[in-house]
Amino acid sequence: MIKIGQYNELRVERYTDFGAYLTDGEGGEVLLPGRYCDPDSVVGDMLKVFVYTDSEDRPVATTEVPFATVGQFAYLQAVAVNKVGAFLDWGLTKNLLVPFREQKVKMHAGGIYLVYVYLDHATGRVAASARIERHLGNVYPDYKPGQEVSALIIEHTEIGYRVIVDNLHRGMIYDNETYQNLEVQQTVKAYVKHVREDGKIDLTMTEPGTANRVNNLGAEILRMVNEGGFELTDKSSPEAIKALLHCSKKDFKKAVGALYRERKIVITPEGHIKPSDNR
């Protein structure tokens, strides 16, 4: 079955003057317009294409890459507004509609909005909704501590970062659980620390098994800094860091970040690491 709003692996059935017809082998067929056809492709080839509907609501395939597919959240920019709603740039030739009823606030051309991409079963069209809460937390999370997830940053609060986990759940990365500066709209790799009774997920940026290693590394860095003459910085090469500390630059940055959050060190505007007055 050909899935609208998703990637599909389809076989080239035949070529015409205006493109290639692709089939799922179950009777489903969709056109890949000629401008997207590989001149080296032949009948029988399997192609990975994205399928959506054209301006006449007919299913059509494309090799263009959308910024999000059905079931995903994304920050997209509005490019036009008319009497039916706002239209967002989602990486395809045809823009993505957000009907007025799916807007939390009135959208304006040029604005960037967090939306959920869905399939409108009444029309068969792919559309978007800014009413994200109705699309989160509808199933209870089934994760184990330490499990890797994808986290979309949606807000920075006084205690940490609110995130959307795997396009399904609400989550939080507390400030003391991250070793880097995060930005709203950024998608990062994180790890499950705890699933709360309300279904929200507490996350950490620390990969399982690295906590002790990073803690020990931090203690060694702090000792060197307090003794004076510590010359490594965030700009130091991985080779220089490995030569002195026998660790990766990634672990070095984690350890320095932890020391800085704990106010055991200060970092000068030039990036040099110095002892803190709180020691």
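If you check Gly25, Gly44 for being under 26 Å from His121 (Cβ atoms), loosely packed, with under 14 Cβ neighbours inside 10 Å and over 30 Å from the mean Cα position of the chain (by Cα), only one passes: Gly25. Restricting the first member to the range 258-279 and to residues that are part of a strand (DSSP E or B), and the second to residues that are not β-branched (Val, Ile, Thr), the beta-carbon pairs closer than 6 Å and six or more apart or on different chains are Ile265/Leu259; Ile265/Ser276; Val266/Lys274; Val266/Ser276; Ile273/Phe230; Pro275/Asn226. Restricted to the range 106-118, and to residues there that are among the hydrophobic types (A, V, I, L, M, F, W, C) and under 20 Å from the mean Cα position of the chain (by Cα), the residue that is surrounded by the most Cβ atoms within 10 Å (Cβ to Cβ) is Val115. Restricting attention to the range 262-279, the residues that are under 20 Å from Asn176 (Cβ atoms) and surrounded by 14 or more Cβ atoms within 10 Å (Cβ to Cβ) add up to 6. Considering (1) surrounded by fewer than 16 Cβ atoms within 10 Å (Cβ to Cβ); (2) of a type outside the set (Asp, Glu); (3) in a loop (DSSP other than H, G, I, E, B), say which one Val79 fails and leave the rest. (3) is the only condition that Val79 fails.
Read the figures in this text as sums done on the coordinates, not as results from a lab. These figures come from a predicted structure and were not determined experimentally. All Cβ positions, glycine included, derive from the backbone under ideal geometry; neighbour counts span all protein chains shown.
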